[in-house]
Amino acid sequence: MEPTRVAIIGSGLIGCSWAMVFAAGGFKVKLYDIAQQQLTTALESIRKQMKELEESGFLKGTLNAEKQLALISVCTDLKAAVEGATFIQECTPENLELKKKIFSQLDLIVDDNVILSSSTSCLLPSKLFTGLKHVKQCIVSHPVNPPYFVPLVEIVPHPETDPSVTERTYALMKKIGQSPVKLNREIEGFVLNRLQYAVISEAWRLVGEGVISPTDLDIVMSDGLGMRYAFIGPLETMHLNAEGISNYCERYREGMKLVLNTFGPVPEFSGEIEQKISQAMSEKIPAVPKHLGARREWRDDCLVGLAKLKKQM
Ligand code: NAD
């Protein structure tokens, strides 16, 4: 049987990752970009990553790297790129006007069945899709970097998205081995970034108030909270840390409220505190491509190991 086709619009970091995830799932992938040179670089990068993953035994899917590579082709013609695709994942830069332009171009050439999905990190579906003829087929599927190793996908419908589109997107993400969650309505930052920003703000305030050093603050997460959060979320943590949620609330609600009432205002993320945190982080990892790149590689290796462990559990 002919594999199902998907189109990826934009072949940068996230576009390449989606292409690899879909190819691992056995899908035929058309990768579209505005410049041929960008596509050539993207294909080279995908080839290199797939070979390395195969050598280290971490290649996803049942096909070998060559077969997965053969499923991916590139294209600089938008109409040809989306021809026959049942799912289109947009991965262009985070710019509302640019994305709106791309979706209005797609709106003119797609049929009534294809799903138009955006990787946007923070643009609301109502800003991106309102007014499109095919708005019922539009949805946000927000991945986490790097999607190949961090499987979460936040599925965020537009108020007019057909419920069947949400369900089909959810099922597709499951099929390719990602871990989708559905938001019932759009909200600034979706859920992942709201949680992340809550943590970042309090981290910023604690360092700013001199309660803890930047380095120790990070250890609280990496050797403390983060250890369990890779396996269970904050709500299950409550459930297990007492005799169930109600018992946890009974025991800790007053204490939690007392602490939460001492939280400060939204930080400015600038000035002296920025300098202090920047200096501490740069002492650990100099903010130059060579060192940042090496640390990212180490991070991705850790995520590979963690993904493997989670599979075994
Ligand atoms: P990127 O800059 O690496 O890649 C963008 C690609 O889009 C480039 O290859 C560029 O040539 C191409 N492009 C530019 N204009 C285009 C056009 N008109 N048509 C087609 N392609 C065009 O960006 P990225 O990091 O891959 O991010 C892509 C999207 O994914 C953004 O919306 C971003 O917010 C989201 N996202 C990024 C991350 C992350 O950590 N990088 C995580 C989750 C979601």
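The values are calculated or read from the model by the stated rules, or taken from the named source; none is laboratory data. This is a predicted model, so every value here is computed, not measured. Note that we place each Cβ from the backbone using ideal geometry, even for glycine, and neighbour counts take in every protein chain shown. Areas reflect the complete protein model, heavy atoms only, side chains present, ligands, DNA and RNA absent. Shrake-Rupley method; radii C 1.70, N 1.55, O 1.52, S 1.80 Å.
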*Name every residue in region 135-165 that is part of a helix (DSSP H, G or I) and either open to solvent by 60 Å² or more (accessible area, probe 1.4 Å) or more than 20 Å from LYS100 (Cα to Cα) (or both), in order of residue number.*
LYS136, PRO163, SER164
_Test: residue in region 22-29 that is touching a strand residue (DSSP E or B) at 6+ places or on another chain (Cβ under 7 Å) and within 11 Å of the ligand (Cβ to nearest atom)_ = no
*Kindly indicate the residue of region 43-55 that is farther than 18 Å from GLY177 by Cβ and of a type outside the set (A, V, I, L, M) and also least open to solvent (accessible area, probe 1.4 Å) among those meeting that condition.*
SER45
*Collect the residues in region 1-20 that are under 16 Å from ASN64 (Cβ atoms) and buried (at least 24 other Cβ atoms within 10 Å of the Cβ), keeping them in residue-number order.*
MET20
*Would a scan of region 37-55 turn up a residue that is in a loop (DSSP other than H, G, I, E, B) and within 16 Å of the ligand (Cβ to nearest atom)?*
no
*asked:* Given the criteria touching a Leu at 6+ places or on another chain (Cβ under 7 Å), more than 20 Å from MET20 (Cβ to Cβ) and modelled with pLDDT of 95 or more, does VAL110 qualify?
replied: yes
*asked:* Every residue in region 110-134 that is closer than 20 Å to MET173 by Cα and open to solvent by less than 10 Å² (accessible area, probe 1.4 Å), please.
replied: VAL114, ILE115, LEU116, SER117, SER118, THR120, PRO125
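Looking at LEU71, LEU59 in this structure, which one is open to solvent by 20 Å² or more (accessible area, probe 1.4 Å), touching a residue at least 12 places away in the same chain (Cβ under 8 Å), under 30 Å from CYS302 (Cβ atoms) and more than 20 Å from the chain's Cα centre (by Cα)?
Result of the check over LEU71, LEU59: LEU71.
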